[in-house]
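Report on one structure; see the data block that follows.
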Amino acid sequence: MKVITRMELNESFSGVSIALGTFDGVHLGHQKVIGRAVEFANRSGGESAVFTFENHPLSILAPHQCPPLITSLAEKERLLADMRVDILCRIPFTNDLLHLTPEEFVNKLVSLFSPSYVVIGPNYSFGYRSSGTPELLTQIGKEKGFVVEVQEAVYIDGNMVSSTSIRQCVSSGNMEQAAKLMGRPFCLFGKVIHGDMRGRVLGFPTANIQPSAEQLLPADGVYTAHAIIGTQRLPALVNVGTNPTFNNQNRRVEVYVLDFQADLYDQELGVEFLKRLRGEQIFSSIQELKDRIALDVIEGKQYFKSHVK
Ligand SMILES: Cc1cc2nc3c(=O)[nH]c(=O)nc-3n(C[C@H](O)[C@H](O)[C@H](O)COP(=O)(O)O)c2cc1C
Ligand SMILES: Nc1ncnc2c1ncn2[C@@H]1O[C@H](COP(=O)(O)OP(=O)(O)O)[C@@H](O)[C@H]1O
């Protein structure tokens, strides 16, 4: 997949099938929009593209309302490459872009991609003050010679799949529902860093990752998860939180891989969250914490036995 990070290029493309959107979470609705662009490209023998922004538009428009990211840029890139997207255009959303009228925005897109097909979701908006609607894009498409397809929203259990509903699921710890809406488990990636070297003393060493400040985290608590280490996908328990039993610390994600022993420092670790078992608690002694973690391990193993083949 070719990745483009600026709109002004020497290179230009033609006859591209392009999906437009923010696509945070690359959820089932996004997958339908992007999948259609890939399908059109395959059918016409042209290239498929995703046009998105590097930073959420709200980070410029209303920073205090900017939501945390469900998928990091790196994960989004991986997911789009897996979907066989040929070109990812991921440009920084700046003040200049903010002031483009809908027509000016489309002109830029046309001069770069000369698209044949443009696919969007039902609530896509573009241009100054989000004044460009799917209807306006369809009309401009007729003038400029591209077809616009507006995909209908995807519903699961009667609820519309949206980045907002996924953020609500994850931040309340409902990882099973989040996975339903995303079409895969919610996942975090990071490099294993050094902690307080307490885990090994407790008898449960935990590989710690420090997600970025923009990253959405599940509610504090203990989860069953799969740890992704290289090509391995291993059953694990994860604690998200500040270890309130000890003096307050930064919020972090700690992974205890079940029946496993290896040095993981500095390795890239992925965590696929499966089910929340309980909230993070304050224990009045280290023994109580150890006993509780031993119970979590039993419960976790039962979960893997009955849920995961
Ligand atoms: C399954 C599991 C459950 C945990 N639950 C709690 C908890 O409820 N309260 C708490 O303060 N710490 C909890 N912890 C975090 C431990 O306190 C933490 O792993 C330990 O302090 C090790 O820290 P370190 O990685 O910096 O050495 C839990 C850890 C694991 C692996
Ligand atoms: N089963 C396991 N799960 C997670 N990490 C493990 C495991 N076995 C060994 N380790 C190693 O132990 C380290 C964690 O030990 P711990 O005492 O908690 O130290 P730290 O406080 O630095 O995280 C991990 O980073 C990893 O290198």
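The values are calculated or read from the model by the stated rules, or taken from the named source; none is laboratory data. Computed from a predicted model, the values in this text were never measured in an experiment. Don't worry about glycine lacking a Cβ; one is built from the backbone with ideal geometry, like all the others, and counts go over all protein chains shown. Ligands, DNA and RNA are excluded from the accessible area calculation, which covers all protein heavy atoms including side chains. Shrake-Rupley method; radii C 1.70, N 1.55, O 1.52, S 1.80 Å.
Using a cut-off of 21 Å between alpha-carbon atoms, which lysines can reach Lys305, once sequence neighbours fewer than 8 places away in the same chain are excluded?
Qualifying lysines at Cα under 21 Å: Lys180, Lys275.
What number, rounded to the nearest 500 deg cm²/dmol, is the helix-based mean residue ellipticity at 222 nm of the chain, given -39500 (n - 2.57) per DSSP H run of at least four residues and division by all its residues? Display every interim value, and only then the final one.
Details: 10 runs with 101 residues, N = 309.
My calculation for the chain gives -9500 deg cm²/dmol from helical runs alone.
What whole-number distance in Å separates the alpha-carbon centres of the stretch 255-300 and the stretch 165-217?
Value for the Cα centre distance between the two parts: 12 Å.
With a 1.4 Å probe and all protein chains in place, put Glu135, Glu176 in order of accessible area, largest first. Kindly include the intermediate steps, with their values, before the conclusion.
On the way: Glu135 125, Glu176 85 Å².
Reading off the accessible areas and sorting them downward yields Glu135, Glu176.
For the full complex of protein chains and a 1.4 angstrom probe, list Arg129, Arg198 by accessible area with the highest value first. Present the calculation step by step, with values, prior to reporting the outcome.
Details: Arg129 190, Arg198 60 Å².
Greatest to least solvent exposure: Arg129, Arg198.
Just how much of Tyr128 is accessible, in Å², when a 1.4 Å probe is used and the result is rounded to the nearest 10?
Answer for Tyr128: close to 80 Å² accessible.
With contacts defined as alpha carbon pairs under 8 Å and 6 or more residues apart, what's the relative contact order of the chain in percent? Let's see the in-between values first.
Details: 566 pairs, mean separation 49.9, N = 309.
About 16 percent, as a whole number.
Specify the inter-centroid distance of the stretch 1-61 and the stretch 112-152, based on alpha-carbon positions, in whole Å.
Measuring centre to centre over Cα atoms gives 13 Å.
How are the C-alpha pair distances of the stretch 185-307 spread across 10 Å bins, as whole percents from the shortest bin up?
Cα pair-distance distribution for the stretch 185-307, in percent: 13, 50, 33, 3.
Taking all protein chains in place and a 1.4 Å probe, what share, in percent, of the accessible surface of the chain do carbon and sulfur account for? Intermediate results must be reported in sequence, preceding the final value.
Details: 7630 of 15290 Å².
Heavy-atom surface of the chain belonging to carbon and sulfur, 1.4 Å probe: 50 percent.
With both partners inside the chain, how many of the DSSP beta bridges are antiparallel, as a percent to the nearest 5?
Details: 36 of 56 bridges.
Around 65 percent of the beta bridges assigned by DSSP in the chain are antiparallel ones.
Considering the dipole of the stretch 2-156 built from charges on the beta carbon (Lys and Arg +1, Asp and Glu -1) around the Cα centre, which of Leu88, Pro102, Gly132 is farthest to its positive end?
The listed residue farthest towards the positive side: Leu88.
Given H placed 1.01 Å from N in the peptide plane, which residues other than close sequence neighbours of Thr101 have an amide H under 5 Å from its amide H?
Tyr128
Roll a 1.4 Å probe over the protein heavy atoms and report the accessible area of Glu149 in Å², nearest 10.
In the full protein context, Glu149 sits at about 40 Å².
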